[in-house]
Amino acid sequence: QVQLVESGGGLVQVGGSLKLSCVASGSIFSILVMRWYRQAPGKQRELVASITSGGSRTYADSVKGRFTISRDNAKNTVYLQMNSLKPEDTAAYYCNAALVPLEYWGQGTQVTVSL
């Protein structure tokens with residue numbers, strides 16, 4: 001069982017930055033694929049970024065060049081650095097951990113980008 005706890009969300013102005021963190025419990029963090037998803041009101045949850053156990057990263061087209069996903073296996077933590085934030089980035093952001101066939105979710109952290 002893996003528990004995920006996100007933090008770092010908040011209210012930020014357009015063009016600002018936030019760094020989200022997700023701490024995982026347990027001893028298998030280093031072999032988990034870690035992902036950040038987001039869900040805006042009335043929209044489907046979408047994949048924002050992912051990082052494999054080996055450090056390979058992928059990003060949604062909408063955040064490429066602005067967001068960076070990273071992980072610190074010693075701290076059981078995955079991060080999402082978000083720069084040049086836009087109003088359309090406003091959403092609840094969820095941390096996801098996967099070790100097929102298992103999957104775990106955090107409770108989410110709200111990011112609101114204001115004009």
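The values are calculated or read from the model by the stated rules, or taken from the named source; none is laboratory data. The structure displayed is predicted, hence computed values, not measured ones. Positions of Cβ are backbone-derived with ideal geometry, glycine not excepted, and every protein chain shown enters the neighbour counts. Note: areas computed on protein heavy atoms with side chains; ligands, DNA, RNA excluded. Shrake-Rupley method; radii C 1.70, N 1.55, O 1.52, S 1.80 Å.
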- [ ] Considering only the stretch 65-91, state which residues are touching a residue at least 60 places away in the same chain (Cβ under 8 Å) and either under 14 Å from the mean Cα position of the chain (by Cα) or within 27 Å of residue 2 (Cα to Cα) (or both).
- [x] 79, 80, 81, 82, 83
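I'm checking my understanding of the structure. Among residues of the stretch 11-43 that are of a type in the set (Val, Ile, Thr) and touching a residue at least 60 places away in the same chain (Cβ under 8 Å), which one is nearest to residue 95 (Cα to Cα)?
Here is the first cut: in the stretch 11-43, the residues of a type in the set (Val, Ile, Thr) are 12, 14, 23, 28, 31, 33.
Still in the running and touching a residue at least 60 places away in the same chain (Cβ under 8 Å): 12, 14, 28, 31, 33.
Numbers: 12: 20, 14: 23, 28: 16, 31: 16, 33: 11 Å.
Applying the filter and picking the extreme gives 33.
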Open item on the list: I want to confirm something. Restricting to the stretch 44-64 and keeping residues that are more than 18 Å from residue 104 (Cα to Cα) and touching a residue at least 12 places away in the same chain (Cβ under 8 Å), which single residue is least open to solvent (accessible area, probe 1.4 Å)?
Closed with: 63
TODO: Give the stretch 79-101 a look and list any residue that's aliphatic (A, V, I, L, M), closer than 12 Å to residue 48 by Cβ and crowded, with 21+ Cβ neighbours inside 10 Å, or say none.
DONE: 80, 82, 91
